[in-house]
């Protein structure tokens, strides 16, 4: 339904309808009343003319019988039927008949003003009959007040309509906003606001609805962040407690002299060194993950994705050969340029390659493919290591999420690598997803706009 500003509604709807419609209806009723009056007058005139013609033809045509009693007795029933009061005076001036519908045949004078009608033979007919209709032209008749009554009724009706309109479009929304503010103060966002046909009020309602939606989103995000924070803290405690417990046991055994065998002592020292390296890696990943939290790409630079991935693979070649893994590399010959941050994209691709190298067994294969599809560059890294169940694909990018598969923490993962990947890709406006690969392992696909 169309909406109006309060000013336009008052100037172009309220005022015109408040005066124009009542006047128009009163004008129509006055015209109708005039039409009915004219029609009634015409009917009265026609009736009078009909009576005159009857008197001239029937009464005046038999002037020689006016003094005949039998003729008079036959005439009286017809006069009574037509409600005519009659006085007949012969050409000689003699009173032949006096008849009144109220008094019957009498010699008394009829106490009303009679109409005079002269016959061709110079006889005089004095007659009177009541009009068949009420004289609506009489100013004292109630029907004459019809236009004024219609004007008053329509005027009051329009006033009540505009009051109802203001209540629905102005008063009710304002009360709704007041109640909504009270609910917001109680941290209850489960409320519904009415609509309004007044633009200013509807804009205010829209602002409150937007605030309601923003607050609901903020509360939801805050709850989710709180949940993630608690999960992160719990995971950090777990990830630090396990290696620290191992370090404490090993160092206590060496220091207290429980471990005397040199080979066993050397083994304990190697375990301590591995746990320290794990803690260092965990701290490094925590620092990298924290870097992405407040970061936004305000300044971008051209980055050749094909050359960047190829350079990382050259650096990985030694680690791949040490584990006796095989590498398949597919890419176009020409550069694929996107706008972004080179060092951030390098960390993203480094983590994906680290993940694939980490979980690919000896003699396994890592398949890396870079291609341009329409206006996107697609980077695919696939391995034939332990896969991830489909129901856990959505959680694989969450920090510190432990998957119930062979891709667990016993291999030394920090649980932050793919979380950093997702944050970096989103900063560049891209998307990252995982699925089961053709070789039975995990397939990671990154899409970035060119």
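The values are calculated or read from the model by the stated rules, or taken from the named source; none is laboratory data. Everything numeric in this text was worked out from a predicted model, so none of it was measured. Counting neighbours? That spans all protein chains shown, and the Cβs are built from the backbone with ideal geometry, glycine included.
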Checklist line | Flag for residue 388 being modelled with pLDDT of 80 or more, under 44 Å from the mean Cα position of the chain (by Cα), assigned by TED's automatic domain parsing to the domain that holds residue 312 and closer than 30 Å to residue 276 by Cα | finding: yes
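Quick check, is residue 44 at pLDDT below 85, surrounded by 12 or more Cβ atoms within 10 Å (Cβ to Cβ) and over 30 Å from residue 200 (Cβ atoms)?
yes
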Notebook entry, point to check: In the stretch 99-111, is there at least one residue being modelled with pLDDT of 70 or more and more than 30 Å from residue 36 (Cα to Cα)?
Noted result: yes
Check: So, of the residues in the stretch 182-204 that are free of Cβ contacts under 8 Å to residues at least 24 places away in the same chain, in the same structural domain as residue 10 (by TED's automatic domain parsing) and assigned to a helix (DSSP H, G or I), which turns out to be farthest from residue 8 (Cα to Cα)?
Finding: 185
Next item on the list: Could you check residue 207 against (1) out of contact with any strand residue (DSSP E or B) (no Cβ under 8 Å at 6 or more places or on another chain); (2) modelled with pLDDT under 90 and say which number it fails?
Entry: (2)
Next item on the list: Inspect all residues belonging to the stretch 423-437 and state whether any of them is closer than 27 Å to residue 240 by Cβ, under 34 Å from the mean Cα position of the chain (by Cα) and either surrounded by fewer than 21 Cβ atoms within 10 Å (Cβ to Cβ) or at pLDDT below 90 (or both).
Entry: yes
Checklist line | Yes/no for residue 147 being at pLDDT below 90 and surrounded by 17 or more Cβ atoms within 10 Å (Cβ to Cβ) | finding: yes
Notebook entry, point to check: Where in the stretch 283-385 are the strands (runs of 3 or more DSSP E), entirely inside, with at least 2 residues that are more than 20 Å from residue 449 (Cα to Cα), at pLDDT 85 or above and touching a helix residue (DSSP H, G or I) at 6+ places or on another chain (Cβ under 8 Å)?
Noted result: 326-330, 376-383
Notebook entry, point to check: surrounded by 14 or more Cβ atoms within 10 Å (Cβ to Cβ), touching a helix residue (DSSP H, G or I) at 6+ places or on another chain (Cβ under 7 Å), under 30 Å from residue 166 (Cβ atoms) and at pLDDT 85 or above - does that describe any residue in the stretch 66-83?
Noted result: no
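Residue-wise test of (1) at pLDDT 80 or above; (2) within 30 Å of residue 175 (Cβ to Cβ).
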residue: 211; (1), (2): yes, yes
residue: 221; (1), (2): yes, no
residue: 233; (1), (2): no, no
residue: 237; (1), (2): no, no
residue: 252; (1), (2): yes, no
residue: 257; (1), (2): no, no
residue: 271; (1), (2): yes, no
residue: 280; (1), (2): yes, no
